């Protein structure tokens with residue numbers, strides 16, 4: 001039940017805000033969660049920014065956060081690659097921020113297809129150019145080279161609509177090379193598990209909130225926790241008619257979730273500071 005949730009795991013783009021715009025109700029909801037003794041985490045598949053970058057982004061919204069609250073697809077990818085590819089060469093299709101995050105984990109990145117390259121790593125890349133695509137294809141036609149990507153999202157919400165996300169880039173590579181990657185981010189349950197382990201949370205205390213059925217809602221379902229869908233990003237009401245990813249709660253906006261949580265707590269005398 002929503003009343004007993006303590007740990008709220010939010011997608012960011014299309015859920016709490018878009019570009020530099022914070023949606024109405026997001027600030028109030030995050031404040032309310034803190035007032036009732038809960039904790040917010042942010043589980044984004046956007047790999048253009050490191051956890052440190054996100055702390056700064058939220059500061060621009062007037063929100064104080066710490067790096068431990070952010071479980072990004074790039075962070076999950078770094079942990080996976082650290083375990084399996086430490087000391088081996090990685091060709092990266094990603095932003096400079098993503099590449100720096102990989103290096104901060106002690107991982108070895110290269111900017112050209114080299115004979116001993118072990119793996120192609122793809123993220124959501126706003127610095128994408130054709131040279132990167134050509135080098136990635138050169139490597140992916142070699143079956144001994146592995147292939148890892150941060151997230152399967154096909155498109156990323158922006159103020160005017162959408163732009164290609166990591167999954168869109170991977171789809172272009174798939175139709176060219178016939179290769180599909182191992183994805184580190186949502187819908188893999190690992191990104192939720194990282195948050196739960198940090199908070200020592202029980203499953204019935206956790207709610208995953210997002211705007212995509214096949215990543216956000218699927219991720220929560222894979223982790224065995226309840227989910228809430230908002231219609232401010234990719235998913236639309238008609239999408240629920242033919243999907244295996246059924247959310248437990250549905251709201252038009254994050255403001256509606258805030259209002260319901262407010263009714264459950266503050267109007268009944270709880271969470272008063």
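Here are a few things to note about the model shown:
- Leading residue by the ranking (nearest to residue 165 (Cα to Cα)) among those in the range 94-113 that are assigned to a helix (DSSP H, G or I) and in contact with a strand residue (DSSP E or B) (Cβ under 8 Å, 6 or more places away or on another chain): 98
- Meets criteria (under 18 Å from residue 22 (Cα atoms) and either in contact (Cβ under 8 Å) with a residue 24 or more places away in the chain or not assigned by TED's automatic domain parsing to the domain that holds residue 26 (or both)) for residue 57: yes
- When the range 18-31 is limited to residues that are at negative phi and touching a helix residue (DSSP H, G or I) at 6+ places or on another chain (Cβ under 6 Å), the one that is surrounded by the fewest Cβ atoms within 10 Å (Cβ to Cβ) turns out to be 24.
- Screening residue 170 against (1) within 30 Å of residue 129 (Cα to Cα); (2) in a strand (DSSP E or B) leaves a single unmet condition, (2).
- Looking across the range 90-117, the residues that are over 18 Å from residue 128 (Cα atoms) and surrounded by 19 or more Cβ atoms within 10 Å (Cβ to Cβ) come down to 107, 117.
- The residue that is nearest to residue 40 (Cα to Cα), among those in the range 62-93 that are out of contact with any helix residue (DSSP H, G or I) (no Cβ under 8 Å at 6 or more places or on another chain) and outside any helix (DSSP H, G or I), is 86.
- Qualifying positions in the range 114-146 - within 25 Å of the chain's Cα centre (by Cα) and assigned to a loop (DSSP other than H, G, I, E, B): 123, 124, 125, 126, 127, 128, 129
- Only a single criterion out of (1) crowded, with 24+ Cβ neighbours inside 10 Å; (2) modelled with pLDDT under 95 is not satisfied by residue 227, namely (2).
The values are calculated or read from the model by the stated rules, or taken from the named source; none is laboratory data. Nothing here was measured: the structure is a model prediction, and the numbers come from that model. Every residue, glycine as well, gets a Cβ built from its backbone with ideal geometry; the counts of neighbours run over all protein chains shown.
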